[in-house]
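Peer 1: Got a structure for you, written out below as structure tokens; questions coming shortly.
The values are calculated or read from the model by the stated rules, or taken from the named source; none is laboratory data. What you see is a predicted model; the values in this text were computed from it and never measured. All Cβ positions, glycine included, derive from the backbone under ideal geometry; neighbour counts span all protein chains shown.
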Amino acid sequence: MAQSDRAIAPADRCPTCSGAGWTWYAPQEDPPQEGRWVVCRECIGTGRKDHKGRKRLQPEAPPES
């Protein structure tokens, strides 16, 4: 995964997505639907508090539960 700003300093990481730029969304509907990755609304996908940088690459697998 080639990404120029892959290592974001802990102080600069978005508190919502922890620097990933994406958050996992799993709707709570009946019947249950499959979850998906959505762009973090706090950092607009950059993974940084200051919104500086490009949008991060979408993770390939769902998070470990």
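Peer 1: Working only within region 24-65, note down all residues that are more than 19 Å from Ala9 (Cβ to Cβ), of a type in the set (S, T, N, Q) and surrounded by 13 or more Cβ atoms within 10 Å (Cβ to Cβ).
Peer 2: Residue satisfying the conditions is Gln58 alone.
Peer 1: Could you list, in sequence order, the residues of region 6-18 that are surrounded by fewer than 11 Cβ atoms within 10 Å (Cβ to Cβ) and at pLDDT 90 or above?
Peer 2: If the condition is that a residue be surrounded by fewer than 11 Cβ atoms within 10 Å (Cβ to Cβ) and at pLDDT 90 or above, then Ala9, Pro10, Ala11, Pro15 are the ones that fit.
Peer 1: Determine whether Gly21 is surrounded by 10 or more Cβ atoms within 10 Å (Cβ to Cβ), small (Gly, Ala, Ser), touching a strand residue (DSSP E or B) at 6+ places or on another chain (Cβ under 8 Å) and at pLDDT below 90.
Peer 2: Working: surrounded by 10 or more Cβ atoms within 10 Å (Cβ to Cβ): yes; small (Gly, Ala, Ser): yes; touching a strand residue (DSSP E or B) at 6+ places or on another chain (Cβ under 8 Å): yes; at pLDDT below 90: no.
Considered against the rule, which asks whether it is surrounded by 10 or more Cβ atoms within 10 Å (Cβ to Cβ), small (Gly, Ala, Ser), touching a strand residue (DSSP E or B) at 6+ places or on another chain (Cβ under 8 Å) and at pLDDT below 90, Gly21 comes out as no.
Peer 1: Show the residue pairs meeting these rules: Cβ distance below 9 Å; 6+ apart or different chains; first residue within region 7-22 and basic (Lys, Arg); second residue surrounded by 16 or more Cβ atoms within 10 Å (Cβ to Cβ) and assigned to a loop (DSSP other than H, G, I, E, B).
Peer 2: Within 9 Å, the pairs are Arg13/Gly19; Arg13/Ala20; Arg13/Cys43; Arg13/Gly47; Arg13/Lys49.
Peer 1: Does Thr46 fit the bill of being out of contact with any strand residue (DSSP E or B) (no Cβ under 7 Å at 6 or more places or on another chain) and of a type in the set (Val, Ile, Thr)? Write out each step before concluding.
Peer 2: Details: out of contact with any strand residue (DSSP E or B) (no Cβ under 7 Å at 6 or more places or on another chain): yes; of a type in the set (Val, Ile, Thr): yes.
So Thr46 fits the description; yes.
Peer 1: Scanning for something in a strand (DSSP E or B) and among the polar types (S, T, N, Q), does region 17-38 turn up at least one residue?
Peer 2: Filtering region 17-38 for residues in a strand (DSSP E or B) gives 22-25, 36-38.
This time we only want the ones that are among the polar types (S, T, N, Q), so: 23.
Yes, because at least one residue in region 17-38 is in a strand (DSSP E or B) and among the polar types (S, T, N, Q).
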